[in-house]
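What follows is a single structure, written as structure tokens, with notes after it.
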Amino acid sequence: MTVDLNILAFPSIGPWTALAVGVYYIVVVMCILVILSENRNPIRSLAWVIALLALPGIGIIFYLFFGRSMKGRHMISRHNKRRLLHNFVVRSADMDSLPLSAAARQLVKLAFSLTKAPLTVNNRIRIFTVGADKFETLLKDLEGARRSIYLQYYIFNDDELGTRVADLLIAKAAEGVCVKVIYDHVGSFSASNRFFRRMKEGGVDIHPFFRVTFPQLANRINWRNHRKLVIIDNRIGYIGGMNIADRYVRGLADGGAWRDTHFRLEGDIVQNLIYSFAVDWYFLRNPSSDLPLDIPPSGFRNDCAMQLVTSGPVDSWQNIALCFLKAISGARKSIYIQTPYFLPTDTLMNALEAAALSKVDVRVMIPSKSDSRLLQLATYSYVTRCLKAGIKVYSYNPGMLHAKSMTVDETFTTAGSTNFDFRSFENNFEGNLLIYDRDVNRSMRDIFFRDLSDCRKLRYSEWKSRPLPQRMLESLVRLFAPLL
């Protein structure tokens with residue numbers, strides 16, 4: 001009996017197919033070598049290696065879009081950064097002359113080590129928790145601009161509010177005011193090209209951050225500029241969580257409220273906002289020499305101490321995440337967090353658990369109605385762990401809670417554009433104020449407790465009895481938390 005060995009042979013493939021397969025696996029091996037050389041979190045590195053090997057084609061596409069690191073890239077060259085810093089003369093205030101706690105002093109030093117952010121005093125701050133109030137005040141300040149307007153938002157919609165802002169910017173440019181605008185290309189996808197083109201034709205120097213086009217799609221889509229800054233005449237600044245869109249004023253489509261936090265600033269801190277804008281402007285390959293950088297004197301003196309800390313995927317450290325970690329680890333009495341999305345890194349989750357187990361009063365407020373069903377499911381997957389550790393979790397009932405703030409021991413507050421999630425800590429360009437003024441921090445504490453009256457406290461006995469399909473879905477979505 002003879003056996004035809006040809007029937008046991010693998011099907012033959014053409015030379016071009018063999019070449020394509022060979023090139024593909026060479027690329028896979030090169031990607032794995034890059035992952036290993038970056039010395040990332042071993043669990044995450046292993047996940048990417050498995051995805052590349054086990055999901056032919058799909059794995060490499062996901063890695064190209066979401067797996068690569070930007071660390072080591074420079075927003076601007078060292079030479080241009082030195083030249084830019086030369087134009088900013090704000091020096092750090094003397095900490096010894098300020099009533100700062102020991103924990104706050106350590107935070108000041110950490111922030112300066114990470115970003116060279118000077119500690120400023122002689123500041124005034126107004127807190128907005130209602131979008132209509134913030135934009136009414138902002139529009140008045142824009143109308144009063146005489147020299148310059150620098151405006152940067154993640155979302156700039158072409159709805160009623162966006163059109164009002166755009167019309168005003170065009171009018172100010174016609175008056176000879178220097179108007180420069182940065183908007184995030186992906187965040188502002190819903191606005192038409194004609195909307196931005198009309199501003200450009202009207203004299204507004206406007207540019208998208210990381211324009212996503214086909215040749216550069218994989219290089220840019222995962223890294224977004226989430227900052228929300230406005231600087232007017234180099235003396236008034238705005239920073240916080242509100243974007244330019246009708247929902248920040250009118251609320252949700254179903255009538256639910258949109259609760260957010262934003263600050264209006266005057267004083268030395270404004271120069272730090274200008275520097276942040278100038279770095280992003282330079283990153284867009286625009287000349288910074290035409291940015292008027294002279295700062296008029298504030299005309300008042302006080303001990304209201306602040307720093308501006310920025311972070312992004314190009315930084316050597318996760319700047320804002322490290323500041324959060326330091327503040328949480330230094331807490332002695334209380335930690336109050338408001339965030340629309342609660343997807344903490346393991347390190348921050350452990351720090352919150354350690355604080356709660358040490359009998360620090362840790363409270364986390366999340367929305368009951370979210371603008372993202374996936375992010376809400378991922379957030380819910382962390383609630384059980386919080387409740388087990390004694391962290392009090394509250395669900396904000398009136399609508400979407402979009403505020404991003406943390407107050408620690410009534411001596412420190414941070415707020416800005418940073419969500420308590422992987423994307424803000426690792427992939428987005430963010431900006432947060434660090435505030436060391438007791439009066440401001442008491443106001444932020446009072447705001448938190450005022451919001452508590454509109455919340456439902458989640459209880460472990462009820463939460464653990466959620467339907468099994470719901471819990472499984474939450475756990476499944478949680479696997480994708482770093483990408484959401």
Legend entry - Per-residue SASA entry for PHE283, accessible area with 1.4 Å probe, Å² rounded to 10: 20 Å²
Legend entry - Spin-label pair LEU473/TRP317, simplified geometry with 7 Å Cα→Cβ offset, distance in nm: 4.1 nm
Inset, instruction - Find, among the chymotrypsin sites (Phe, Trp or Tyr not before Pro) in region 312-351, those assigned to loop by DSSP (not H, G, I, E, B) with at most 15 other beta-carbon atoms within 10 angstrom. - result: TRP317
Inset, instruction - Quick one: order GLU426, GLU474 from most to least accessible surface, probe 1.4 Å. - result: GLU426, GLU474
Legend entry - Extension gain from LYS333 to SER92, taking 0.36 nm per residue of separation minus the Cα-Cα distance: 84.0 nm
Legend entry - From phi via Karplus (6.51, -1.76, 1.60), per-residue ³J(HN,Hα) for region 165-176 in Hz, x at Gly/Pro: 5, 4, 4, 5, 4, 5, 5, 5, 4, 5, 7, x
Legend entry - Within-10-Å neighbourhood charge of SER381 [Cβ basis; K, R +1; D, E -1]: +2
Inset, instruction - Within region 387-484, list the trypsin sites (Lys or Arg not before Pro) lying in a DSSP loop whose Cβ has at most 13 other Cβ atoms in a 10 Å radius. - result: ARG459, LYS464
Inset, instruction - Please work out the FRET efficiency for the pair VAL29 and LYS116, using the Cβ-Cβ distance as r and a Förster radius of 45 Å; give the result to the nearest 0.05. - result: 0.70
Inset, instruction - Round to the nearest 0.05 the FRET efficiency obtained for ARG459 and SER372 when R0 = 35 Å and r is the Cβ-Cβ distance. - result: 0.90
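Provide the net charge surrounding LEU98, with neighbours chosen by a C-beta distance below 15 Å and charges set as Lys +1, Arg +1, Asp -1, Glu -1.
Its environment carries a net charge of -1.
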Inset, instruction - Starting from region 134-217, pick out the GluC sites (Glu not before Pro) whose DSSP state is loop and whose Cβ has at most 11 other Cβ atoms within 10 Å. - result: GLU175
Inset, instruction - Could you tally the net charge around LEU107, taking each other residue with its Cβ under 14 Å from the Cβ of LEU107, Lys/Arg +1 and Asp/Glu -1? - result: +2
Legend entry - Over 29 Å (Cα to Cα) - which of LYS109/LYS180; LYS404/LYS457; LYS116/LYS172; LYS134/LYS359; LYS109/LYS404; LYS140/LYS392 fall in this group: LYS109/LYS180; LYS116/LYS172; LYS134/LYS359; LYS140/LYS392
Inset, instruction - Compute the whole-percent fraction of alpha carbon pairs in region 103-197 spaced more than 21 Å apart. - result: 51 percent
Legend entry - Longest to shortest principal axis, alpha-carbon extents of region 338-484, angstrom: 46, 35, 31
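The values are calculated or read from the model by the stated rules, or taken from the named source; none is laboratory data. Please read all numbers here as calculations on a predicted model, not as lab measurements. For neighbour counting, all protein chains shown are included, and Cβ atoms are generated from backbone atoms with ideal geometry for every residue, glycine included. The accessibility values were calculated without ligands, DNA or RNA, using every heavy atom of the protein model including side chains. Shrake-Rupley method; radii C 1.70, N 1.55, O 1.52, S 1.80 Å.
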